[in-house]
Amino acid sequence: PSSEASSRGEPGTQEKLLASEDVVVTSEDGITKIVFNRPTKKNAITTQMYQEITQALKTASKDNSAMTVFTGNGDYYSSGNDLTNFTSTPSGNIEEFAKRGADILRDFVDTFIDFPKPLVAVVNGPAVGISVTTLGLFDVVYASDKATFHTPFSHLGQTPEACSSYTFPKIMGPAKANEMLIFGKKLTAGEAYAQGLVTEVFPDSTLQKEVWARLKAYAKLPPNAMRISKSLIKSSSEREKLHAVNAEECTTLQARWLSEECIGAVTSFMSRKAKL
Amino acid sequence: PSSEASSRGEPGTQEKLLASEDVVVTSEDGITKIVFNRPTKKNAITTQMYQEITQALKTASKDNSAMTVFTGNGDYYSSGNDLTNFTSTPSGNIEEFAKRGADILRDFVDTFIDFPKPLVAVVNGPAVGISVTTLGLFDVVYASDKATFHTPFSHLGQTPEACSSYTFPKIMGPAKANEMLIFGKKLTAGEAYAQGLVTEVFPDSTLQKEVWARLKAYAKLPPNAMRISKSLIKSSSEREKLHAVNAEECTTLQARWLSEECIGAVTSFMSRKAKL
Amino acid sequence: PSSEASSRGEPGTQEKLLASEDVVVTSEDGITKIVFNRPTKKNAITTQMYQEITQALKTASKDNSAMTVFTGNGDYYSSGNDLTNFTSTPSGNIEEFAKRGADILRDFVDTFIDFPKPLVAVVNGPAVGISVTTLGLFDVVYASDKATFHTPFSHLGQTPEACSSYTFPKIMGPAKANEMLIFGKKLTAGEAYAQGLVTEVFPDSTLQKEVWARLKAYAKLPPNAMRISKSLIKSSSEREKLHAVNAEECTTLQARWLSEECIGAVTSFMSRKAKL
C-alpha cells in the first residue's frame, strides 16, 4: 500500500506543486515513511522537494499513522540543498528570489517544529547541510555507521538554519556544535552519537532490519500517550522559541544570499564542480 | 545514630502519615540518608511512601546535615510507582482519586525541586518510572553497573513526570531522551553515563565502599559554600520553570489516568502479572 | 609580526595598566593569540593580568584577525586566580577590596560573553578555577591529553564564576557539572570531552602541530559568515542571560570573600602552601 506525495498546493494560493518522484511517501504498519528519492543526485533537495516535503508532513500530521519516518534511497541520506537552486535564479530578480527562498525554507522548518507525532530519522548514509540541521527537530535519530554529518555553511558564505543555531549547542554543547556550525567540521556517526545528536548507531549491514523491527513495535504503543508525551517535551514555550529562531535564521540567510561572500563562494564551488 | 522518618503530617492539615518501615531515614557523618526499604516489592513506591519521602525531605532541608543521599535496599533501586496505587481506587470516585494522586505527586516533586542542599542518588540496581525521572532533579547520581533506567510511560498509556519532559532532553539531548520517554527504551548504566544522566558508574562489588568514602569527604566541605553554589546552579528562574513544568505534567497525568488508553493498559498489565 | 598587549587604561578612567610580560598578545595568519605567560607561577592570574586580558580581548574584537585563540606557556594552561590577590589586601579596607575584585571579575567575564568572533582555547595542560569556568564561554576548546579541569570552589569557601553555574550544567548535564562545581571533582581531558566541555583531545606530543594547522585553515574561511553564525548561536537573548548570570555570580562572590568560611579556607590554604 503506497501513495505518491500529495501534489496539491496550499489552499487559497496560486501555486501548484507538480507531482514528482523525488519524494516518495508511503504508509504501512502505522508508519508514514517519507523518502528522499533522488539517488543519482545524492538526494539533493530541490525547491520543489522542499514544498513537497512540507506538504507531505502536513498531510502526515493528520493521517491515521502513529509516527513519521524519514530516510534516503541509495548511498546518501541527503546531500542537502541543491545548489542549482541558486544558479537557476531568474536574472535581475535576485532580491525577490532570496525572499522567496527564505519563505519556502521558513515554512519547511516550521512544519518540522509543529509536527505532533513522533518523528524519526533513519540516516542511511552521509548527510549534509539542511538534512543535518533538521535532525535537531526530530524526536529520534538512528544512523548507519556509514553516516556522516557535515554543515559547511561558512565555506559557502552562509549561516545555520533549521534552528540548529539553537538546537545543536543545546544537544551537543557549544564546543562540539560550533566546530560543526562555524568551522564546518564533519562528524562521524560515532561522534554524533557520543554528543547526543544520534540516538543509536547500527552496522550498515543490519541497520534496516534492526531499525524497522524496533519502529514497528513502537508504532503499536498507545498513540495518544505518545502524542501527548511529545507535546509535553516539545512544549508550547519551546515551540514558540523554535519558531522565533527559525524566523531569525531565515532573515539572516536571505541577506547572506545577496552578500558578495556567499555569491563568490557558491560561484566558485559550482565552477570547481563543473570542471570535474 | 539513626532515627525513623518523621511521621507527622503537614501543620494545619487533617492528614496524618502513618509511620512505616518502607522508608528509612538515618543521619550520620553530616549525611542524611533516605532508603527505599521495601525489597520484597522491588522498592515499589506506595502512596504512603510518597508522603513519607516528601516529609523526610522537608525535615532534611532543615536538619544539620550537609547533604541528603537516596538509595535502595536490596537488588533494586526502586521499581517506581506501585501500580496497586491504581487498583486500590475506591469505586465510583475515580475523578477525585486522580485529583488526589496528582496533588500528592506534585507536592512530592516540588520538594525535590526546592531541596536546598546537595542531593545525591546512589542507584544500586534497576530503576523504573518515577525513580528514574526524579534523577533529573538530583545534583549528583552514582550508579552500580547493574543499574538500568526504564520509563515505560507509553506502554501504560501514561506520560512523563518529575519534570523529566524538561530535564531529560536538556541532559541527554532529545534523540536519547525521547527514545526513553516516548518509546520506553531501557538504558544501561553505561548509556546513562555516556549521556550525562549519571555522574559515574562503579562495579557493583565496590559501589558502596567507593561512593560512601567519597561522600563522607564531600560532607566535610564548607556547607554554606555548597548550599550557595547549588542556589546559583539551580537558580530561582530555573526553579520557577521546573515548578511550572511539574504542574503541567501533573495536570496531564490526572487526565491520562481517566483515559481509556491508560485504564486499559494498566488493567492488562496487572492481569498479566496476576497470572504469573 | 607580534605586538605586546595594549597597556592603555579604559578611556575616562584614572587607572593605568602597566605593561607586563605575563600576558603576551600576537597576531599572525588571521589569528590573534593571547598567551598566559607566567610559567614559573603555573600561569596564575594576577589582578593586573585580568585587566590586561580584558583590554586585549576588547582590542582583538576590533582588529582585522578572523579569530582569537587563548593558550598557556609551559606545563600549565593556567592555575586560575592567583591567591596572593587575596592576601595583598590593604588592611582595614576589605569591603572595598571585595567590591573592586568583583567589578574587575565582572568586566573580565562580560568581555568574553560579548566577544564577536570565534574564540578558541588550546588547553595545553592543567586548568584550574577561572581558567576552567571561562571555557564555557569559548566557541571551541581543544585540549592536550595532559590537561585536567579542576574547580575547587567549595574547598576555598567560594562559589562558581564566569557563568559556569549556568553554562556547565547546560553543557555537561547537572550530574557531571555539580560534582565539579559543588564537590570540586577534577575531570580528565577524556571525561571533559565525553561530556562536551572539550571539542577534541590530542596527544600532547602532536597537539600544537595538529591544532594550529586546523586553526590556520579555519582562519581563511569567510569572516563575515563566521561572525554572523556566532551571533545567531550566541544570540542576543542568550548574551543577556549570560550577563545576568555573571552579575549574580559576582555579587555572590563579593559576599563570599568577606565570609568566615572563605577567609578561613584561603588562610589555611596559603599557610599550608607556605610550609611546603
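The values are calculated or read from the model by the stated rules, or taken from the named source; none is laboratory data. Here the structure is a predicted model, which is why all the values come from computation and not from measurement. Please note: Cβ atoms are built from the backbone with ideal geometry, for glycine as well, and neighbour counts cover all protein chains shown. Keep in mind that these areas ignore ligands, DNA and RNA; they rest on the heavy atoms of the full protein, side chains included. Shrake-Rupley method; radii C 1.70, N 1.55, O 1.52, S 1.80 Å.
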Inset, instruction - May I have the convex hull volume per residue, in Å³, for the Cα set of the stretch B:75-194? - result: 107 Å³
Inset, instruction - State, in angstrom, two size descriptors of the stretch C:28-88 derived from its alpha carbons: Rg to one decimal place and Dmax to the nearest whole number. - result: 12.8, 41
Legend entry - At least 40 Å² of accessible area lost relative to the chain alone, listed for the stretch A:217-266 with a 1.4 Å probe: A:218, A:221, A:222, A:225, A:228, A:229, A:232, A:233, A:256, A:261
Legend entry - Value of D in µm² per second that Stokes-Einstein yields for the protein assembly as shown, Kirkwood Rh from Cα pairs, at 25 °C (0.890 mPa s): 86 µm²/s
Legend entry - For the stretch B:159-224 and the stretch C:124-199, distance of Cα centres in Å: 18 Å
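Averaging sequence separations of C-alpha pairs under 8 Å and six or more residues apart, then dividing by the length of the stretch A:28-124, give the relative contact order as a whole percent.
Values: 127 pairs, mean separation 39.7, N = 97.
Computed over the stretch A:28-124, the figure is 41 percent.
Compute the accessible area per residue over chain B, keeping the other protein chains in place, probe 1.4 Å, unit Å². Write down the numbers at each step before the final one.
Numbers: 11320 Å² over 276 residues.
Per residue, chain B has an accessible area of 41 Å².
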Inset, instruction - Shortest first and in nm with one decimal, please list how far the residue A:273 label point sits from its counterparts in the other copies (point 7 Å along Cα→Cβ). - result: 5.8, 5.8
Inset, instruction - Over all alpha-carbon pairs of chain B, lay out the pair-distance distribution in 5 Å bins, whole %, shortest bin first. - result: 1, 6, 12, 17, 20, 19, 14, 7, 3, 1, 0
Inset, instruction - Return the percentage of antiparallel bridges among DSSP beta bridges fully within the protein assembly as shown, rounded to the nearest 5 %. - result: 30 percent
Inset, instruction - For the stretch C:14-86, run through the GluC sites (Glu not before Pro) and keep only the ones in DSSP coil with at most 14 other Cβ atoms within 10 Å of their Cβ. - result: C:15, C:21
Inset, instruction - Mind grabbing the accessible area of residue B:42 for me, 1.4 Å probe, Å², rounded to tens? - result: 100 Å²
Legend entry - Estimated [θ] at 222 nm from DSSP helical runs (n ≥ 4, -39500 (n - 2.57)) normalised by residues in chain B, nearest 500: -14000 deg cm²/dmol
Inset, instruction - Would you tell me the accessible area of residue C:238, worked out with a 1.4 angstrom probe on the heavy atoms of the protein chains, in Å² to the nearest 10? - result: 40 Å²
Inset, instruction - Indicate the residues belonging to the stretch A:183-209 that lose 30 Å² or more of solvent-accessible heavy-atom surface (probe 1.4 Å) upon moving from the chain alone to the assembly of all protein chains, ignoring ligands and nucleic acids. - result: A:183, A:185, A:193, A:194, A:195, A:196, A:199
Inset, instruction - Leaving ligands, DNA and RNA out of it, report the carbon-plus-sulfur percent of the accessible area of the protein assembly as shown at a 1.4 Å probe. - result: 53 percent
Legend entry - Rg over Rh, two decimals, the stretch C:201-275 (C-alpha only, Kirkwood Rh): 1.24
Legend entry - Solvent-accessible area buried by A and C, counting both chains, probe 1.4 angstrom, square angstrom: 2400 Å²
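Once fully extended, how much extra length lies between residue A:213 and residue A:244, figured as 0.36 nm per residue of separation less the alpha-carbon to alpha-carbon distance? Intermediate results must be reported in sequence, preceding the final value.
Numbers: separation 31, 0.36 × 31 = 11.16 nm, distance 3.70 nm.
7.5 nm is the gain from fully extending residue A:213 to residue A:244.
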Inset, instruction - Please name which of C:243, B:208, C:80 has its Cα lying farthest along the dipole of the protein assembly as shown towards the positive end, using unit charges on Cβ (Lys, Arg +1; Asp, Glu -1) and the Cα centre as origin. - result: B:208
Legend entry - Calculated label separations, residue C:100, copies of the chain, 7 Å along the beta-carbon direction, nm: 6.5, 6.5
Inset, instruction - Please list the non-local residues whose amide H lies under 5 Å from the amide H of residue B:81, H modeled 1.01 Å from N, same-chain partners needing a gap of 5 or more. - result: B:45, B:130, B:131
Inset, instruction - List the distances, in nm to one decimal, from the label point of residue B:21 to the label points of the same position in every other copy, shortest first, placing each label point 7 Å from Cα along the Cα-to-Cβ direction. - result: 7.4, 7.4
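Nothing charged except the Cβ atoms of Lys and Arg (+1) and of Asp and Glu (-1): what's the magnitude of the dipole of chain B about its Cα centre? Round to the nearest 20 debye.
Working: 30 positive and 31 negative charges, 85 e Å.
Computed charge dipole of chain B: roughly 400 debye.
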Inset, instruction - Measure of size requested: the Rg and Dmax of the stretch B:117-276, with Cα atoms as the atom set and Å as the unit; please supply both. - result: 17.4, 54
Legend entry - Relative contact order, percent, chain B [alpha-carbon distance under 8 Å, six or more residues apart]: 17 percent
Inset, instruction - Sequence neighbours fewer than 8 away in the same chain don't count; with that in mind, list the lysines whose C-alpha is under 16 Å from residue C:42. - result: C:146, C:273
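Is the C-alpha gyration tensor of the stretch A:88-130 telling us rounded, prolate or oblate? Criteria: a/c under 1.5 is rounded; beyond that, a/b larger than b/c is prolate, otherwise oblate. Show your work: numbers first, answer last.
Details: a/c = 5.39, a/b = 1.80, b/c = 3.00.
It comes out oblate by the Cα gyration axes.
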Legend entry - Which listed pairs, of B:234/C:234; A:241/B:176; C:58/C:241; B:58/B:185; B:186/C:230; A:230/B:185, have C-alpha distances above 26 Å, in listed order: B:58/B:185; B:186/C:230
